[in-house]
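J.: What follows is a single structure, and I will ask about it in a moment.
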Amino acid sequence: MPPSGPKDPDGYDWLYQDESGRPSPRPPASGSAVPPPNLPPPGSGKRGTKPPKERKPRGRLRLVWLILVAWIAFLVIVPLVAWSKVTKVDATPDGERPQDEATTWLLAGTDKRPKDKSRGRTDTILLLTYGGGGPSVLTSIPRDSIVDIPGHGRTKINAAYAFGGPPLLVETIESETGLRVDGYTEIGFTGLEDVVDALGGIEVCPKDDIKDKDAKLDIKEGCQEVDGKTALAYSRSRKAFASGDIARGQNQREVIGAIGDAALSPATVLNPWKFARVATTTAESIAVGDDVSMFSFARFAWKLGKAMGGDGRSCTVPIADMSVQWDRERAVEYFGHLKNGTTDELGDLCTKDGLRS
C-alpha cells in the first residue's frame, strides 16, 4: 500500500496515492473517530455545548428594592401614627363666612403653658395664603393690632383667643381681612421648644446683639445654632427693639422658616430615628381644626416651607405707624390681592415691617 500522505496534528491522512499513483483524499487512519454531526473536529479547542450565560446580580437588586419599599412604607406609616396624636379643636365660627379664590391658613402661637388654667393669648398670628396662580404669602399680624372683636368691642387682636378660643380668633380675622380661614393650627410655648429640640436646634441670624430680660434672651449677632429655649425667647422678644411688635413678627417668621428648613433637610428625613422623633414631637405639640385632614395639613406645611424658602413672599399687614395701627386703605388693597389670588400684583404693599417702602 502506498505511503500515506501528510498528516494533520489530529492524525488525519488527508491525501494518499491510489493504485494509478494519483493523489486522492482518503478517510482518517484506522482508529480515528469521525466527529459527530455539528461538532468541530477533535483538538480544535472548542466544545459542543454553549458557554453558560453570565448571571445577573438579582439577589442584590431584590435587596435594594426591599429596602426602598420598606423605607417608603416607613415614611408613610410614621406620619399616620403621629397624626393620631394631634389634638383636634373646634375652630369653625358660626354664621356666614367669606369666600375667596385662594386658600388661607391661620397659624397661632399661644402663650399658654401646661400648668396655666386660662386659655392664654396669641403671641403669634400668621396667615399663609396660597393658590390662584401667584406666589404664596406669609403675613404677620402684630398681636397689638387694634381690631373689632365680635361681641367684645374694639381692642387688641390677641384678646380674641382669650375671649372665645380658636372660633372667635378665626371670626375676628375673617371680618377684618375679608379672607376665609380654611385651616387652623396652633402651638404653645412648650411645644415650640420641644419641636426645636427634637430637630437638634435651628439656625437664626440676629443682625445685632440682643439682651431682653423679659424674654430671657441674651444672644450675639450673626448666624448661629440655638436650642428650643433660645428659639422661643428669640421669637418672643420685643422690648429689645425700637420697632417692638414689628421686629418680633419678623423674628417669628424667621424661626418658623428655620423649623421648616430643618424638618425637610436630609439630616432629618434620611435619619429614621430623628424623623420619627420629630414627627411624634410635632404631633404632640400642635392642635389643628377638627375639619383639617392629614393631607391638607401636609400641604400647608409644604407651602409654609416654600414660602419661607424664597419661593413666596413674607410680609407684615400694612400699618400706618409703629403703634401698629393698620393702614386701612393699603390693608384693604393688600387683602384684596390675597383673596383674589393675585399675589403677584402685591408690589410694595408687601413689606417686612408693614410700613410704606
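J.: How much length is gained on full extension from residue 71 to residue 296, taking 0.36 nm per residue of separation minus their Cα-Cα distance?
T.: Values: separation 225, 0.36 × 225 = 81.00 nm, distance 2.29 nm.
78.7 nm is the gain from fully extending residue 71 to residue 296.
J.: Still on this structure: Using a 1.4 angstrom probe, figure out how much accessible area region 73-349 has per residue, in square angstrom, rounded to the nearest whole. Intermediate results must be reported in sequence, preceding the final value.
T.: Working: 12630 Å² over 277 residues.
Here the per-residue accessible area is 46 Å².
J.: With a/c under 1.5 counting as rounded, go ahead and sort region 73-349 into rounded, prolate or oblate using the C-alpha gyration tensor (a ≥ b ≥ c being the square roots of the eigenvalues; past the cut-off, prolate if a/b is larger than b/c, else oblate). Walk me through the numbers on the way to the answer.
T.: Numbers: a/c = 1.38, a/b = 1.17, b/c = 1.18.
The shape class here is rounded.
J.: While we're looking at this one, here's another question. In percent, what relative contact order does region 73-349 have, based on Cα pairs under 8 Å that are 6 or more apart in sequence? Before the final figure, lay out each step's value.
T.: Numbers: 524 pairs, mean separation 73.8, N = 277.
Contact order relative to length: 27 percent.
J.: In sequence order, what are the phi-derived ³J(HN,Hα) couplings for region 59-76 according to the Karplus relation 6.51 cos²θ - 1.76 cosθ + 1.60 with θ = phi - 60°, rounded to whole Hz, with x for glycine and proline?
T.: With the stated coefficients, region 59-76 comes to x, 5, 4, 5, 5, 4, 5, 4, 5, 4, 4, 5, 5, 5, 4, 4, 5, 8 Hz.
J.: Output wanted: per-residue J couplings in Hz (rounded whole) for region 169-180, from phi through Karplus 6.51 cos²θ - 1.76 cosθ + 1.60, θ = phi - 60°, x for Gly and Pro.
T.: Coupling constants for region 169-180: 5, 4, 4, 5, 5, 5, 6, 7, 9, x, 8, 8 Hz.
J.: Going toward the positive end of the dipole of region 73-349, with +1 on Lys and Arg Cβ and -1 on Asp and Glu Cβ, which of 84, 172, 260 do you reach last?
T.: 84
J.: Something else about it: ³J(HN,Hα) across region 323-331 via Karplus (A = 6.51, B = -1.76, C = 1.60, θ = phi - 60°), whole Hz, x for Gly/Pro?
T.: Karplus-based 3J(HN,Hα) across region 323-331 equals 7, 6, 6, 5, 7, 4, 4, 5, 5 Hz.
J.: Going by average Cβ density within 10 Å per residue, which order do the peptides 90-101, 62-73 take, highest to lowest?
T.: Working: 90-101: 13.3, 62-73: 10.3.
So the peptides 90-101, 62-73, ranked by packing, come out 90-101, 62-73.
J.: For a quick protection proxy, order the peptides 173-184, 211-222 by their average other-Cβ count within 10 Å, most packed first. Mind dumping the intermediate values first?
T.: Details: 173-184: 20.2, 211-222: 13.8.
Descending packing order for the listed peptides: 173-184, 211-222.
The values are calculated or read from the model by the stated rules, or taken from the named source; none is laboratory data. Computed from a prediction, not measured in an experiment: that's the story for all the values here. Neighbour counts run over all protein chains shown; Cβ positions are idealised from the backbone, glycine included. Only protein heavy atoms, including side chains, enter the accessible area calculation; ligands, DNA and RNA are left aside. Shrake-Rupley method; radii C 1.70, N 1.55, O 1.52, S 1.80 Å.
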